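Data block below; observations after.
A short reminder: the numbers here are calculations on the coordinates, not readings from a lab. A quick note: this is a predicted structure, and the numbers were derived from the prediction, not measured. In this analysis, Cβ positions are derived from the backbone assuming ideal geometry, glycine residues included, and neighbour counts consider all displayed protein chains.
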Amino acid sequence: MTQPGPILSRRMALAGGAGIVAASALVSAPAQALKYAAREHHLKADPRLPVWTPGPVDVHPEEELNIVGADVMDEITLGWVKLMRKAYPHLSVTMEARSSGSGAPALVDGRAQLAPVGRELLPAEEEAFEKKFGYKPFSVRVATGSAGSLGKTAASVILVDKDNPIKGLSLAQLDAIYSTSCKRGHKPIRTWGDLGLGGVWKDRPIHLYGLKHPNGIEQYFQQAVMEGGAYRTDIQMMKGRGFTHAFNVAAEDMATHPGGLTYAMLANVTPNVRVVPLSVKDGGPYYMPTVENVYLHRYPLSRYVYIFVNRPPGKPLEPKVREFLKLVLSKQGQDVVAAEGVYIPLLPEVVREERAKLA
C-alpha cells in the first residue's frame with residue numbers, strides 16, 4: 001500500500017474492519033503530517049456522563065457520513081469514527097483531517113456534514129457560510145482544549161517580566177489594558193501604576209505585544225477578554241515563523257521592555273518571564289492554567305474545541321449527524337478524549353447543555 005504523502009488528506013473511508021485497521025495503523029505510525037503532542041494528563045471522563053445507546057439511522061446503500069476539519073483533532077475524531085462505524089456497519093464514514101481552516105469551507109460547499117475545528121470560527125468563515133445559507137453554522141462544544149500543548153488549542157496565558165510584582169489580573173483589567181472600547185466597564189489602563197504598583201513600576205508604561213489578525217488565538221482573546229471590542233493601535237504586533245515563534249520573540253523581547261505584557265501559551269514561557277494568575281472578577285480568586293483548573297474551567301482563558309454543522313434554524317439534525325454528536329457527547333465519546341491525554345474531557349454540565357441543543 002502506498003504511504004500517504006506529507007499533506008496527507010487523511011481521508012479515511014472506513015467501509016469495513018480492514019479500513020479501521022488501516023486508519024488506526026496510520027495514526028500510530030510516525031508521520032510528519034501528524035502533529036505530535038506529548039501526553040499532558042491522565043484524567044478520566046466523568047462517570048456521570050450519559051452512556052450512548054445507538055439510535056435508529058436509516059442507512060441507504062453507499063451512504064456516507066463525511067467529516068472534514070482539524071488535523072490537530074485527528075486522533076479523537078478517528079476514535080469517534082471507529083465507534084460510529086462499529087455501531088452502523090453499513091454507513092461509510094469518511095474523515096479528512098487537513099486543518100481547522102478546512103472545516104467551514106467543507107460545510108459551505110457541501111463536502112462535509114460535520115466539521116471538527118480546533119478553535120472558534122473566524123469572522124470570515126462565518127460570513128462565507130452565512131452569505132450562502134442565510135444563517136450561522138450550528139456549533140457544539142466537543143472537548144476542552146489542552147492546558148499547554150502546542151497546536152492542541154492550548155489555554156491562553158498572560159506573560160510579564162519575571163520581576164514584575166503584579167499578583168494577578170482580571171478579565172476587565174486585561175480588557176482595559178488591550179482595548180480602546182473597555183466593554184467590561186473598567187477605565188483605560190496604560191501604566192503599571194494604574195494597576196496599583198508602586199516604586200519604579202508606578203509610572204512604567206505597559207508595553208503590549210500581540211498577533212496580527214486573522215488568527216485564531218488573537219480572535220479568541222478579542223472575544224473572550226475584550227467582548228469583541230477594538231484593539232489599541234500601539235500594540236507591538238509580533239512576526240515569526242508561525243504564531244509559536246512570534247510569541248517566543250515577544251517573550252524574549254521583554255528583556256528589553258521590563259514593562260512588557262503579552263498573551264501567549266505555556267510553551268512560550270522563558271526564564272525572563274512569568275505567568276500571571278487570572279480571575280474573572282477584580283480581586284480574585286486568581287487561578288493559574290494548571291490541567292485541573294483548565295479541566296474545571298476555573299482558569300478564565302480555558303478553551304473548547306468544536307464540531308460545526310449546517311443545520312437550518314428550526315430544522316432537526318439528520319439522524320446520522322445527531323447520532324454522531326450524541327456519541328461524542330457521551331461517556332464513550334469523552335473516554336476517547338481522555339485516552340488521548342492532551343485534549344481534556346468535558347464536564348457533565350457542559351455535556352448536558354450541548355446535548356440539549358441536539359433535540
FRET E, pair Lys162, Glu126, Förster distance 41 Å, beta-carbon r, rounded to 0.05: 0.55
Net length gained if the chain between Glu227 and His90 were fully extended (0.36 nm per residue, minus Cα distance): 44.8 nm
Among Tyr304, Tyr135, Tyr178, residue whose mean-square fluctuation peaks in a GNM of the chain (springs only between Cα atoms under 10 Å): Tyr135
Count of lysine pairs in the range 157-288 with Cα separation under 16 Å (8 or more residues apart, or interchain): 5
Note, ³J(HN,Hα) from phi for the range 246-256, Karplus 6.51, -1.76, 1.60, rounded to Hz, x at Gly and Pro: 4, 5, 4, 4, 4, 4, 5, 5, 5, 4, 9
Vicinal HN-Hα couplings computed from phi for the range 112-117 (Karplus, 6.51 cos²θ - 1.76 cosθ + 1.60; Hz; Gly/Pro x): 9, 8, 9, 10, x, 9
Label zone at Met237, where the point sits 7 Å out along the Cα-to-Cβ direction: the range 109-153 residues whose backbone N lies under 16 Å: 123-124
Value of relative contact order over the range 206-276, rounded to a whole percent, pairs C-alpha under 8 Å and six or more apart: 36
Distance between modelled label sites at Glu318 and Arg111, nm, 7 Å Cα→Cβ extension: 1.6
Most mobile of Ala250, Ala106, Ala128 in a GNM of the chain (Cα contacts under 10 Å): Ala128
Candidate lysines - alpha carbon under 28 Å from Lys331, same-chain residues fewer than 8 apart omitted: Lys35, Lys44, Lys82, Lys86, Lys152, Lys315, Lys320, Lys357
Computed label-point distance, nm, for sites Asp253 and Thr180 using a 7 Å Cα→Cβ extension: 2.0
Length added when fully stretched, His245-Lys202, from 0.36 nm per residue minus Cα-Cα: 12.4 nm
